[in-house]
Amino acid sequence: MLKPINKLSNLFKKRSRNIRHLLSWEEYWINGFDGLKFAFRRYYHKRQNETRHNPEGKVISAGYPVVNDYEKGLISIVILSKDKYNLIRPCIESIENYCEGYNIEIIIGDTGSQDKNVLSYYRKIIRKYNNIRIVQLGRYSFSRNYNDLIWTHVAGEYIVLLNNDTIAKPGWLDALITPLYDKRIGIVGGKLLNLDGTIQHAGIEYNKDGNGYHIFRNEPAEHPAANVASLVPGVTFACVAMRHDVYDRFQLCEDFIEEAQDTDFCMRLRTEGFLILYEPKAELYHVECSSRDWRKGERDRILLREKWGNKIKEFSEARIQRVVFDGNAYRDAIVIIRDDGVGDLLMLIPSFRKLKEMYPSRKFVLFTLARNIAMMEGFNIFNEFYPIPDGKKYSPLPVPMHMTNVYNLIDMEMNFNVPCGEAKEDNKVHRHIAFTRKFGLDAEYPFIPMPEYPKAKKRVQSILHEMGVPGNVRFVTFNMMGTILSYTYFGS
């Protein structure tokens with residue numbers, strides 16, 4: 001195979017390692033000039049969103065693309081492969097046969113194929129299909145390869161990670177993608193079958209020794225318990241689907257080389273409140289371990305235990321690890337999203353309490369900064385809490401949308417001077433007037449004496465102590481704009 005163009009590679013060597021993959025003869029040879037142009041454009045388009053400016057004009061890091069530059073409705077199917085003509089050919093043909101009218105692109109990350117049959121097949125499918133691109137990668141590393149591919153080459157709103165030793169069945173893609181319209185779901189895994197039609201994977205659970213295993217393995221595909229959409233501790237990444245923004249937020253941990261990166265990813269999703277869904281209608285055949293040596297994964301399995309040992313123990317000791325998925329669990333729930341500090345949330349307590357009094361039987365859910373959660377629990381208003389990443393308020397969040405009242409207050413700030421156009425009406429008035437308008441309440445605020453909420457008061461005092469405020473000081477928080485609109489008394 002031809003080497004990367006040395007001169008250009010050296011020119012950009014201080015950039016991401018991805019750029020060296022783009023500047024290769026293989027990219028041009030397989031995908032043509034248009035493919036090379038696309039790779040450059042995608043690379044720089046994503047990276048121009050890595051930073052943004054705060055209101056003072058200072059450049060700050062976003063940590064992930066803050067602008068959703070994904071192509072609406074496009075599904076990107078991403079596959080790592082090397083040689084193995086007998087695997088990649090049926091895999092690609094099954095995808096093209098059963099894409100079910102969806103707008104898809106197939107990105108094959110090749111980690112060094114030498115097989116002439118495979119290289120010839122690549123050229124053939126590029127000519128036959130207009131939705132396939134081949135990307136030449138370096139040495140195989142599951143996590144790094146996928147991160148590079150998705151960050152640099154993938155355009156779709158939805159991402160499907162697929163092993164090259166899988167064969168899709170009718171209905172697989174629709175079953176994977178449809179659940180992702182519910183933003184509570186972070187990832188969807190399918191039912192994987194052995195070639196004899198028995199079950200290989202129907203979700204990952206943990207035995208009493210803390211070892212992960214595929215439940216219902218070798219049971220008939222029609223096994224009743226394996227044919228119910230369920231929330232599970234984890235799913236294998238031999239076939240999974242997720243929204244692109246969710247992948248960008250979490251990405252695969254590159255500390256894991258051969259395996260366990262899927263389990264780690266699922267653990268991190270769960271920690272942030274996302275659900276892991278096993279969907280039995282998404283059926284594929286999987287020739288497990290056809291493309292790697294499972295014995296190489298021992299180091300990764302040890303690392304997984306070191307990182308998630310306590311959580312794994314919690315699962316292994318649980319009486320029930322999988323729960324039937326209820327799409328209506330948040331019917332009529334009231335969801336509030338607000339990322340502000342302690343004082344701002346305390347000002348909102350009167351309106352939160354009024355809203356709770358109006359709808360006492362509804363489930364109340366609050367998305368806020370993690371440091372606020374312990375304090376807000378003390379008011380006994382909200383049933384559930386989910387953290388917003390500090391400094392990343394536009395992160396994808398597991399917000400229930402189906403038949404739910406969602407009040408997104410993220411962008412409601414007093415702002416009279418905007419760079420261009422006019423400020424939003426809600427941002428021209430005091431923020432708490434705007435909040436009560438959103439909630440459909442009057443603007444009167446009663447006293448909220450903190451002694452009635454000892455748990456919340458203790459947390460507030462703890463936060464103030466961290467700020468250097470003496471613990472025995474009485475104080476009142478004011479929110480003023482010409483006149484006092486609201487206040488909260490912090491007495492003893």
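Spin-label pair Tyr85-Arg371: with each label point 7 Å from Cα along the Cα-Cβ axis, the two points sit 6.1 nm from one another.
Rounded to 0.05, the FRET efficiency of the Met403 and Leu464 pair, given R0 = 45 Å and the Cβ-Cβ distance, is 0.70.
At R0 = 60 Å, how high is the FRET efficiency between Glu71 and Arg353 if r is their beta carbon distance? Nearest 0.05 is fine. Efficiency at R0 = 60 Å is approximately 0.85.
Across region 57-197, Cα pairs under 8 Å and at least six residues apart give a relative contact order of 34 percent. Rounded to the nearest Å, what's the spacing between the alpha carbon centres of region 90-137 and region 367-416? Just the number, please. About 42 Å separates the Cα centre of region 90-137 from the one of region 367-416. Summed over all non-identical Cα pairs, the Kirkwood treatment of region 96-174 gives a radius of 13.9 Å.
Accessible surface calculations at 1.4 Å, restricted to protein heavy atoms, place region 81-199 at 35 Å² per residue. Each Cα pair under 8 Å and six or more residues apart adds its separation to the average, and for region 118-276 the resulting relative contact order is 27 percent. For the pair region 230-282 / region 319-335, the C-alpha centres are spaced 19 Å from each other. For region 163-278, the fraction of alpha-carbon pairs lying more than 22 Å apart is 31 percent, rounded to a whole number. Subtracting the Cα-Cα distance of Asp115 and Val323 from 0.36 nm times their residue separation leaves 70.4 nm of extension gain. Counting every Cα pair in region 182-225, what percent are over 18 Å apart? Of all Cα-Cα distances in region 182-225, 38 percent exceed 18 Å. Listed cross-link partners Lys311/Lys363; Lys313/Lys458; Lys72/Lys392; Lys169/Lys313; Lys307/Lys457 are compared with a 29 Å cut-off, the Cα-Cα value being larger for Lys313/Lys458; Lys169/Lys313; Lys307/Lys457.
Rolling a 1.4 Å probe over the protein heavy atoms gives region 253-350 an accessible area of 47 Å² per residue. Pair-distance distribution P(r) for region 262-369, from all Cα-Cα distances in 5 Å bins starting at 0: 2, 8, 11, 14, 14, 15, 12, 9, 6, 4, 3, 2, 0 percent. Here's how it looks for Ile104: its modeled amide H is under 5 Å from those of Ile75, which are all 5 or more places away or on a different chain. Label-to-label distance for Arg217 and Asp196 is 1.5 nm, based on points extended 7 Å past Cα in the beta-carbon direction.
The values are calculated or read from the model by the stated rules, or taken from the named source; none is laboratory data. Given the structure is predicted, the values throughout are model-derived calculations rather than measurements. In this analysis, Cβ positions are derived from the backbone assuming ideal geometry, glycine residues included, and neighbour counts consider all displayed protein chains. The protein model used for the area step is the full one, side chains on, heavy atoms only, and it has no ligands, DNA or RNA in it. Shrake-Rupley method; radii C 1.70, N 1.55, O 1.52, S 1.80 Å.
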